[in-house]
Structure formats: C-alpha cells, structure tokens
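What follows is one structure encoded as structure tokens, with my remarks underneath.
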Amino acid sequence: MPLIAIAIVAANGVLGDGETQPFEFAEDWARYKEVTMGHPMIMGRTTHEAIGRWLPGRTSIVLTTDPGRVTLPTDGRADGRTAGSLAEALEVARSLDDTVFIAGGGRVYADAWDLLDELDLTEVHAEAEGTVTLPRIDPDVWQEYRRERRDEFDFVGYRRVAASG
C-alpha cells in the first residue's frame with residue numbers, strides 16, 4: 001500500500017509561495033494526471049483552492065479544520081471529501097485504493113514525510129522564490145530509482161530505504 005508524495009519542486013527545494021507554484025509545464029501536468037488517475041489524493045485546503053477545481057477520475061481528500069469552507073463536487077465527474085486530520089484522510093484514502101498520493105502543500109508533505117514510501121518529483125533545473133518548501137531528501141533515507149531527463153526538468157522517483165533520522 002504505497003503512500004507517495006507527488007510534487008513539482010525547484011532546484012532550491014521551493015514548492016511555491018503558499019498560493020501558487022512557480023513552474024507549470026504541460027508535460028508535467030499530463031504526467032501528473034496519468035500517474036494519479038484512479039487513485040485518491042490528499043491535499044491541504046490551500047492547495048485544493050490553488051488547483052481551482054476538483055480533478056476528474058480521482059478522489060481528492062482535502063485536509064481542513066473547517067469543512068464548511070470546502071464545496072464538494074456534485075457533477076459526478078470527480079469525487080471530493082474532507083478530513084480534519086492526516087490520519088483521518090489516510091483512513092479514507094486507504095479504504096478506496098492501495099495507492100495513495102500526497103499532493104501538497106508544504107505542511108501536508110512535512111506531516112506525511114515519515115510515513116511516505118516513495119517520492120514522485122518533477123525536479124526543475126531552476127531556483128524559485130517562495131516560502132513553501134519540500135522537506136530535505138536525505139540520501140541515507142531516500143534512494144533515487146528513476147530519472148527521466150528533460151530540458152527544463154527531470155521526472156525523478158525515490159524510494160525509502162531507511163527510517164527517517
């Protein structure tokens with residue numbers, strides 16, 4: 001039952017400024033859709049709002065302390081839920097599928113970091129400004145097992161090989 005963080009990250013570890021991400025590549029979005037399709041995704045409310053819509057073909061579980069601020073989808077194209085804690089979100093997600101994605105933001109990645117089995121990252125070859133960062137990828141804990149090079153970024157997979165220190 002893999003728990004996988006998926007993110008696009010700048011060379012300096014920046015994910016964004018708390019409202020937007022600094023990079024958008026069509027190939028990254030297409031791969032994101034392909035990889036996450038059919039699987040539940042856990043994300044914070046701010047990340048969900050930044051995406052701006054419910055993603056079809058997946059269940060998005062939005063972490064929030066105020067479920068009333070989240071309007072759930074009603075059109076049948078996407079499934080959306082809310083959860084008050086990461087533990088609750090994981091319970092819901094694992095009842096739906098064996099593969100679960102953590103989709104941000106920074107606090108959600110940090111809270112889930114020690115539970116993750118894999119990282120599925122788009123590593124951009126440029127730095128960015130922003131205060132939201134991905135936790136440090138400790139080479140004693142994470143081993144790269146896949147790298148697909150592109151001009152401006154690489155698709156990179158990491159597997160946990162040890163418990164976090």
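General observations
- Label-to-label distance, nm, for residues given as Arg136 and Arg31 (7 Å Cα→Cβ offset): 2.6 nm
- Net charge of the neighbourhood of Val35, taken over other residues with C-beta under 14 Å away and scored Lys/Arg +1, Asp/Glu -1, is -3.
- One decimal place: the segment His125-Ser85 gains 11.0 nm when fully extended, by the rule 0.36 nm per residue minus the C-alpha distance.
- Cβ-derived FRET efficiency at R0 22 Å, Glu19 paired with Arg69, nearest 0.05: 0.90
- 222 nm mean residue ellipticity, helices alone, for the chain (DSSP H n ≥ 4; -39,500 (n - 2.57); rounded to 500): -6000 deg cm²/dmol
- Total formal charge among the other residues, if their Cβ is under 10 angstrom from that of Val70, Lys/Arg +1 and Asp/Glu -1: +1
- Centroid-to-centroid separation of the stretch 96-142 and the stretch 28-79 [C-alpha atoms, Å]: 17 Å
A short reminder: the numbers here are calculations on the coordinates, not readings from a lab. Every value quoted in this text rests on a predicted model; they were computed, and no experiment measured them. With ideal geometry, Cβ positions are generated from the backbone for all residues, glycine too; neighbour counts draw on all protein chains shown.
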